Structures are given as structure tokens and as C-alpha cells.
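Following: one structure in C-alpha cells, then a few remarks.
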Amino acid sequence: MWDYSDKVKDHFFNPKNAGAVVNANAIGEVGSISCGDALRLSLKVNEDSEVIEDAGFQTFGCGSAIASSSVLTEIIKGMTLDEALKVTNQDIAAELDGLPPEKMHCSVMGREALQAAVANYRGEEWKDDHEEGALICKCFAIDAVMIEEMVWANKLRTVEDVTNYTKAGGGCAACHEDIEAILEKVLKERGESFDPTAASIEKEAVVAEKKPLTNLQRIKKIEEVLTALRPQLMADGGDVELVEVIGNTAYVNMTGACNGCQMAAMTIAGIQQRLMEVLGEFIKVVPASEMSKLVNIQEASHA
């Protein structure tokens, strides 16, 4: 179960500086929509002092990617470019009171977008095309240089760590052997030995396993999410109400303009995505009408 801090939730539901900066003079783009995450960072830099006067972001990705991009813009506004370049992915995660280990790559994406934007402003070429290092993970286009840098900077020591921080190895797993070779090389340089059976750094940091949510706790959190989404739906003449929660399925009624709308399915899908981000677990959102069908099927099976 993913446990998101209140700060992550706040930056997800109420992102700061979303959108492109007007008259931006520095643009940094990283990631790829086809790979699941992409970020475009735009900055307005004072040409005399090199102070970042404004920052905005456009992110395609999960809630953690949005939160990381949002908090990054808040961190760097008012900094000089040189000061901003010292911001690390650990700084981004720390400002959010932590990220789930599986989402640390979102903070890395923010750091890279910042580097790309500064290079763009200074007329320098920022390369993300693997000319410096061999392409290791073809699924997410991650090269050896990036993996080595993340292993050093974050003291990674397992393939799972590398996947959490870079996404490398999170697809077909064909690159795991190459990732292990990089880990063995870097750990040797650090005076350590690579142990393929070692626990990830995040797992060792866990003091006690969190208990799963009770159904009552789950219902309360779902209601909180729906309450936060309600103003947006009502602005379009619609609304949503929770009818029942059975296991990992939430049954809802779409009312007003949302009832029968051609976009209702997409609205429900959006609600489901937000619920999974907040609850940190899989949950399915379906129209309440499906619940009555399920009851009829169950009654028929017992007849």
C-alpha cells in the first residue's frame, strides 16, 4: 500500500504554478508520454540577476509526478540559476515529506527538467539521448550514466532501488542483469559488496508494517476525495455521491449533468485514479447500477 503524505495530497489536489509561464525564457522537457511520465518546466529568468522570477509546469503522469513538479516550482522561485541547480531529487521528496519508494523517479524527473531548463536558458545542449552511456533499459529509455549517478547520489544497492528511482527494470526485466553489473561496479567503488539478496534501502527503513485500511476508514477517505472533487463537477452542472463500498469496489451515482453524459466513463476513471493515489491501493469505481445487477445475479445463483 502506498502511503502519501498530506503535502503530496495537497500538491496533487491543489497544484501550484500549473501551466506554462507567460513569456518564459527557459524551457526544460524530459520524459515521454509513451513511457508514462513527461514534464515540461518553464521559467521566467531575470536576465540581469539570473533569478528565477516565475516557474510553471505541465505534467503528464501520476499524482506523485504532479506533486513533485508542483513543489519544485515553489522551491526554485526566487533562487538564482546556480542555486536552483543545487536542488536534488532528495530535496524535492523531502519538501513533500517523502514519497513512496515506487514513486521516487518522479522527483528525479523534476531535477532533470530543471537541469534541462537552465541549459536551455544558457544556450547549452542538455542531452538525454544516451550518447554518453549505453542504453540499459529499452522500455523506459534509461542509460548507464543515469543509473550510475542515481546509485551514487541516493546510495542505492538493489535492482528494486534502481527501478524505484529511475524506472529502469520496471518493464520487461530483461535489463536486470545489466543493472546488477552497474550496482556491482559502483558498490565496489564505494568499498561495498553487491548482494543480490539484500533488502532495498526503503524496506530496511520501514520500522513497522502499516495495517491495511478498515472498510470504515476506506469509506471516510473516499468521501474526502469526492468532497474535494465535488466543486469541479458542480461547476459543470453535475455531482457524484457514494452509494456503497464492497471490498475494493466503490459504487457511485453520477447525478445532474454527469448522469448519462458521454464523458461519464472518463469522469469515473478520473475519480478512480485519484482514489488510488490517495488510498495507496487498488480500488475500482463503478456506477451504482452495476451493484443492482450484481445483486440480481447473486439472487439468481441462489434460487
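See the values below:
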{"item": "Matching residues in the range 1-26 - criterion: being closer than 23 Å to GLU53 by Cα, surrounded by fewer than 17 Cβ atoms within 10 Å (Cβ to Cβ) and in contact (Cβ under 8 Å) with a residue 60 or more places away in the chain", "result": "ASN25"}
{"item": "Test result for ALA117, touching an Asp or Glu at 6+ places or on another chain (Cβ under 9 Å), at pLDDT 85 or above and either within 22 Å of PHE60 (Cβ to Cβ) or assigned to a helix (DSSP H, G or I) (or both)", "result": "yes"}
{"item": "Residue check for ASP82: in contact with a Lys or Arg (Cβ under 9 Å, 6 or more places away or on another chain) and surrounded by fewer than 23 Cβ atoms within 10 Å (Cβ to Cβ)", "result": "no"}
{"item": "Candidate set from the range 61-73 (those that are modelled with pLDDT of 95 or more and among the aliphatic types (A, V, I, L, M)); member that is surrounded by the most Cβ atoms within 10 Å (Cβ to Cβ)", "result": "LEU72"}
{"item": "Filtered residues of the range 157-181 (kept if buried (at least 21 other Cβ atoms within 10 Å of the Cβ), over 22 Å from the mean Cα position of the chain (by Cα) and without any contact (Cβ under 8 Å) to a residue 40 or more places away in the chain)", "result": "CYS175"}
{"item": "Among the candidates GLU47, GLU95, residue that is out of contact with any Gly (no Cβ under 7 Å at 6 or more places or on another chain), more than 23 Å from THR227 (Cα to Cα), of a type in the set (Asp, Glu) and buried (at least 16 other Cβ atoms within 10 Å of the Cβ)", "result": "GLU95"}
{"item": "Subset tally (residues that are assigned to a strand (DSSP E or B) and modelled with pLDDT under 90) for the range 31-60", "result": "5"}
{"item": "Pair list, Cβ < 6 Å and 6+ apart or interchain, from the range 216-245 residues that are small (Gly, Ala, Ser) to residues that are part of a helix (DSSP H, G or I)", "result": "ALA228/PHE13"}
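The values are calculated or read from the model by the stated rules, or taken from the named source; none is laboratory data. Everything numeric here is computed off the predicted structure, so don't read it as measured data. Cβ: placed from backbone, ideal geometry, glycine included. Neighbour counts: every protein chain shown.
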